[in-house]
1. Tell me which of Q159, T215, L243 sits at the most positive position along the dipole axis of the range 154-266, charges placed on C-beta atoms (Lys, Arg +1; Asp, Glu -1).
2. Just need the relative contact order of the chain here, percent rounded to a whole number, with Cα pairs under 8 Å and 6+ apart.
3. Using θ = phi - 60° and the Karplus curve 6.51 cos²θ - 1.76 cosθ + 1.60, what whole-Hz ³J(HN,Hα) does each residue of the range 66-79 get, with Gly and Pro shown as x?
4. So, with +1 on the Cβ of K and R and -1 on the Cβ of D and E, and no other charges, what is the size of the charge dipole of the range 29-147 about its Cα centre, to the nearest 20 debye?
5. Before I look further, what does the range 49-201 give for accessible area per residue, probe 1.4 Å, in whole square angstrom?
6. Work out the P(r) tail for the range 239-333: percent of alpha carbon pairs separated by more than 20 Å, whole number.
7. In a Gaussian network model over the chain where Cα atoms closer than 10 Å are linked, find which of D64, D137, D149 has the largest mean-square fluctuation.
8. I'd like the Karplus ³J(HN,Hα) series for the range 294-302: coefficients 6.51, -1.76, 1.60, θ = phi - 60°, whole numbers in Hz, and an x wherever there's a Gly or Pro.
Amino acid sequence: MKPRPYYRARAPLRISLCGGGTDVSPYPEEHGGMVLSATINQYAYVSLRPRRDSRLTLASLDYDTVAKYDHPRRVRIDGQLDLIKAVVQALKVRGGTDLWTHSDAPPGSGLGSSSTMVVALIGCISAWQGRPLAGYDVAELAYRIERKDLGLAGGRQDQYAATFGGINFIEFHRDATVVNPLRIRPDVLNELQYRLLLCYMGHTRQSARIIERQTESYREGRSQVVDALHRLKAETLEMKKALLLGDVDAIGELLHQAWENKKRLDEGISNSRVDRLYRIARREGAIGGKMPGAGGGGYFLFLTRFDRKHRVAAALERLGGQVVPMSFENRGLTTWASSSAARGGPTPPRTGTTRSGPGPGATPQRTTRPG
């Protein structure tokens, strides 16, 4: 009997350079939001193996957690693997299948890993179903699953970043979201990548709680929060201009200003340890920096002087941080089928298995970006 192929999907994580918070409702509906984001070479992965029966197995390799059902119709949202289950329900999976997920960064790290996983799940399952979705449809469905079906607080930049990939200026309006890929000179990209430094702080956080408080403060009309969001939007426009003009030092200064304004959104965004780490990094040669997610923990992004980057990295590691190599990724959601994996035998991947990429016999398909 001919073995069935494995279906794979990969979507890139992102660093939010500026504007995070202005993509969280109801601000974009009332004022229009904008975000500058870049995807990087860290990913969320999904593997799918069709079954010949009706059974469904869902597995998170990161958490070594498995849920099994006699039929996909028996799936219930119960606090365990809910992101996977919600996508299975939204895409009306009826056939038997085994699904595995894993990510290069944990949820709450500030790199958009949860939303990126939803995008990868949609890409993988819809490819298996023979009904691949257009980029904007993938991102909107991912947003609906997280924010409406599951009721998770958050914005909408992550879904679009993971779907389209690259460095994008994303505009959020009442009735539409527009992804504008930026045409940045290669020398500017190389210089920016050379001087950026990504540091893992050693703990993650529940971003939804921070976002819930931020949203409540905005709805109450607290002037500090409203003003900070307006300033972040203005700084996003300035950073876009600096990127297109190739003024890398200005990007660093704008990262610093954006971080100062971001901290005004909620007291849980920073803490004494983070503030101390940031002061020392600036003293050692960082021009500016910010947490690329909602705040409270996870990763911190710095832009350094080129001749002081090593000193900043050493100082951060002395303080318990972990510097993570990073490069830009221009590809968004990618799916492929692998017949070679099926020939390897019926044993499913286990925790710690080498992450899969397109290999011999694979036919990658990337999401098309708007022209």
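The values are calculated or read from the model by the stated rules, or taken from the named source; none is laboratory data. The model shown is predicted, which means the values in this text are computed figures rather than measured ones. Every residue, glycine as well, gets a Cβ built from its backbone with ideal geometry; the counts of neighbours run over all protein chains shown. To get the accessible areas, we keep the full protein, side chains included, count just its heavy atoms, and leave off ligands, DNA and RNA. Shrake-Rupley method; radii C 1.70, N 1.55, O 1.52, S 1.80 Å.
1. The residue sitting most towards the positive pole is T215.
2. 25 percent
3. So the J values, rounded to whole Hz, are 10, 10, 10, 9, 5, 7, x, 5, 8, 5, 10, 6, 9, x.
4. Result for the range 29-147 is approximately 740 debye, rounded to the nearest 20.
5. Counting only protein heavy atoms, the per-residue value for the range 49-201 is 41 Å².
6. Details: 1719 of 4465 pairs.
Beyond 20 Å sits 38 percent of the P(r) for the range 239-333.
7. D64
8. 6, x, x, x, x, 9, 10, 10, 10
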